[in-house]
Every structure is written in structure tokens, then in C-alpha cells.
Amino acid sequence: MEHEHPDPVHAGRRRRVLITGAGGQLGRALQGAFAGDDVVALTRADWDVTHPASAAVARSDPDLVLHTAAWTDVDGAEADPQGAGAVNIAGVAHAAALKVPLVTFSTDYVFDGRKGSPYVESDGPNPASAYGRTKLHGEAAAGHRAWVVRTSWLFGPTGHNFVRTMLRLGEERDEVAVVDDQRGCPTFVGHLAAAVRELVVDDLQKGLWHIAARGDCTWADFAEAIFEDAGLECRVRRISTVELERPARRPAYSVLRSERAGAPVLPDWREGLRACLAEMDG
């Protein structure tokens, strides 16, 4: 029988935490949240998760894997579903093959958005895009030793995200057209990372967890809040998803809430936005 580490950590030394996708916005936030542990932060250059872990990665002997490496180009997945699957399905399987407790991350896009009220863990998924399908299959690939964290609309002070894009456009333009018929929960990666630490440290039951910011809004609402809080004089022209003409279908309503006892509760998305902007100014 293959050796498996006991939960949650080896006795006698600090927990060793391996983070994949460490160069991304969530990977960076998790490095901060787990700074008190022995962190092994791996970027894509260190481990391309479309391939099994190298001997060097395996020798890092982690007690916990935080798997953030992912294909996040929603429209690009429509053109290259195999490429997206290699990262979002096989990549999760390769992380799970290390046979230690695992946290992996999924998305509100596993739902079709037709429910019209918040999605909880027991709601049946029905992804409307290739990206959503790869993330759903990735959940299954995580196995029984995993916390699967569904979250939504991530943003932070680094990386490619909606807040950084709007700040750039708000400096360049007088008006920006933004979709107003998709509603979700913009989630600050710093708040999500703290909640993930809570899951692990409190050793909450493994399985599926919905963790997203309190409150909800449309992308247009979010853009207006960004401009307001950043002091930018830029108008938002509200448009429909149809007008945007994107290849991948997005859910019209994908608010995530948890029905599980003890689920971490995040601050409101406006608090997350203010915390993000403060980090960017700091």
C-alpha cells in the first residue's frame, strides 16, 4: 500500500504547504495566508501541471497541496477544450496523485444560471461552457482527500482580473461598456485565502464548499463601484451579454452561498474591493 501522510500534518515539524500556480493572484494571496507554514511556492515554470509531478516536486514531501494552477480563459476554452482540460482536469488529478490533503478551486460557471436564487452545494451543476465543463470534471478528479472550493469573480492587487482592467480603462477613457445582465459575487483573493486557511486549520470536513463574498452585483455595478472607490471620472454604459458577443455562454445568475455548517463567511464584496485598492495603494 502506498504511504499516505496522516491528517492534518506530520508531527514534530511545521506544516509544509505546496502551492501550485504560485505566480497567479490566488497563489500569491495564499502564500500570504500560509506564511507561518513552510511554503513551497511553484509557478508554472516550476511545475507545468499538465504533466505529473517531477521527482523533485514529490521530494518536497508536502503535508498539504493548495492547487490554484488553472486554465482561466473562459472564451479560449471554447476554441481549445482539450487544452483547457489538460490543465483543469488532468492538472487536478496530478495534484491529487501526491496523495496528501488537497485544496482545489472551482467556479460558479459549473451552473447554468437559470435557478434565479443562490446556488448551494447540493444544487445540481449544469455548465453551459467548455470552461465550466472542465472545472466540473476537475472537481471529480480531486478525489476524496480534497476540499473543493467553488468561488466566483476573483480579483486582487496582482494578475489579470476585472478590477485591474477597469482601473486601466478608467484612466484611459471617459466611458466603458460593461455587461449588466450577469449577477454574481466578486470575491477578493485575500479574503478567500483567509477562508481557505480556516478550512484547513479547523480541519473542516473535506468535500465541496461554496466560499464567495457576501452580497452580489452585476459586472456593471462592480465597475461603477471600482470607479467610485478609486476616484475615477469614468461613466459605465450598461449593455447586455448579447451585445458583448463572447464565444462562451456565461450564467446570468451565479450567486454562491453555502448550506454547510461552519462554512467560512467572507466580508461583503465592497469591503473586498476597498481592501484590494488599499493594497494596490500601499
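How would you classify region 64-137 from its alpha-carbon gyration tensor, with a ≥ b ≥ c the square roots of the eigenvalues: rounded for a/c under 1.5, else prolate if a/b is greater than b/c, otherwise oblate? Oblate, because a/c is 1.5 or more while a/b does not exceed b/c.
Per residue, the solvent-accessible area of the chain (1.4 Å probe, heavy atoms of protein chains only, all protein chains present) comes to 45 Å². As a size descriptor, the averaged projected area of the C-alpha convex hull of region 226-282 was calculated at 6.6 nm².
Over all Cα atoms in region 193-263, the spread is summed up by Rg and Dmax: 17.1, 47 Å.
Converting phi to 3J(HN,Hα) with the Karplus coefficients 6.51, -1.76 and 1.60 and the offset θ = phi - 60°, region 103-117 yields 10, 10, 10, 10, 9, 5, 6, 6, 9, 8, x, 8, 5, x, 9 Hz in sequence order, with x at every glycine or proline.
So between Thr43 and Arg246, what do we pick up on full extension, going 0.36 nm a residue minus the alpha carbon distance?
Numbers: separation 203, 0.36 × 203 = 73.08 nm, distance 2.93 nm.
Stretched out fully, the Thr43 to Arg246 stretch lengthens by 70.2 nm.
In region 136-178, inverting the average of 1/r over every pair of distinct C-alpha atoms gives 13.4 Å as the Kirkwood radius. Start at zero, step by 10 Å, and the Cα-Cα distances of region 140-282 spread as 11, 37, 33, 15, 4, 0 percent across the bins. Ordered from largest to smallest accessible area (heavy atoms of protein chains, 1.4 Å probe), the residues His51, His94 come out as His51, His94.
For the chain, what is the calculated [θ] at 222 nm in deg cm²/dmol (nearest 500), taking -39500 (n - 2.57) for each run of four or more DSSP H residues and dividing by its residue count? Please list the in-between numbers first.
On the way: 11 runs with 96 residues, N = 282.
Calculated mean residue ellipticity at 222 nm is -9500 deg cm²/dmol.
Note: relative contact order over region 148-257, using C-alpha pairs below 8 Å and six or more positions apart, is 42 percent.
Across region 51-59, coupling constants 3J(HN,Hα) worked out from phi with the 6.51/-1.76/1.60 Karplus curve, θ = phi - 60°, read 10, x, 4, 6, 4, 5, 5, 4, 5 Hz, and Gly and Pro carry x.
For the chain, the Kirkwood radius over C-alpha pairs fed into Stokes-Einstein at 4 °C and 1.567 mPa s yields D = 67 µm² per second.
Per-residue packing, averaged as other Cβ atoms within 10 Å, sorts the ranges 104-114, 120-130, 220-230, 184-194 into the order 184-194, 104-114, 220-230, 120-130, beginning with the highest. Straight-distance candidates among the lysines for linking to Lys99, with alpha-carbon spacing under 23 Å and chain neighbours fewer than 8 residues away dropped: Lys135, Lys206. In terms of overall dimensions, the C-alpha atoms belonging to region 9-89 reach 49, 26, 19 Å along their principal axes, ordered largest to smallest. Relative contact order of the chain, taken over Cα pairs closer than 8 Å and 6 or more residues apart, is 20 percent.
Orientation-averaged projection of region 148-222 equals 5.8 nm² [convex hull of Cα atoms, one quarter of hull surface area].
Looking at region 137-282, the DSSP beta bridges with both ends there are about 15 percent antiparallel.
The mean sequence separation of alpha-carbon pairs under 8 Å and at least six residues apart, normalised by the residue count of region 72-231, gives a relative contact order of 25 percent.
The values are calculated or read from the model by the stated rules, or taken from the named source; none is laboratory data. The structure displayed is predicted, hence computed values, not measured ones. Every residue, glycine as well, gets a Cβ built from its backbone with ideal geometry; the counts of neighbours run over all protein chains shown. Each accessible area value is taken on the protein alone, full model and side chains, heavy atoms only, with ligands, DNA and RNA left out. Shrake-Rupley method; radii C 1.70, N 1.55, O 1.52, S 1.80 Å.
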